[in-house]
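Remarks on the structure that follows.
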Amino acid sequence: MDLNGTKGASIIEEINNRASMIPQYKDHRRFNQGIFPHFLRNPTYTYWRSNMAIILPCCYDYIPLQAALCLRHFLDFVMHATAEEHTEDSLTEMEESLDAYYKYSPIFQKYSPSGLNFPKNHMLQKYAHDIRSRGIIKGYSTTSSEHQHTIDVKKPAKRINGRFDSLSQMANFIQKKD
């Protein structure tokens, strides 16, 4: 599964080529330049969801079976979790997909510096309970607070240069904004 080097570059090129060859159909994004995220600077949720819908058919024969199964169950989980409506059956299917993802995910542990032991991976276990108690994910997304963080912190930080005290500049900017 090593995608570094010349062979890896040709595999990525072939996967991107496959993605660009998928015929256009209703409500599907075209991937003329490929499906890997480095082609976009700030991919949107819509881009990622469209990407997830086609990634497995584009790369299944380049990855081990266990990796393909892990990816498939993760994609199933995400599609269930981000659905507009849920029933008890759909939430059960989502939990089953997550269990299968965890079953097959050890193949990726050697590629993860943390061995896949990071908070977002652990938080997946809480989705079904949260959806049952709070409703669909769209209703309690962090997107708006992340956008506000970009406005309050990231954009002003780009204007700061190394000659001044950045902490006081940031504090002044936020104070002026309030």
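Every number here is computed from the coordinates shown, using simple stated rules; none is lab data. Quick caveat, the model's predicted, so the values are computed rather than measured. Counting neighbours? That spans all protein chains shown, and the Cβs are built from the backbone with ideal geometry, glycine included.
Of note:
- Computed label-point distance, nm, for sites Y25 and S10 using a 7 Å Cα→Cβ extension: 3.2
- Highest-first packing order for the peptide set 29-36, 85-92 is 29-36, 85-92, based on the mean count of other beta carbon atoms within 10 Å.
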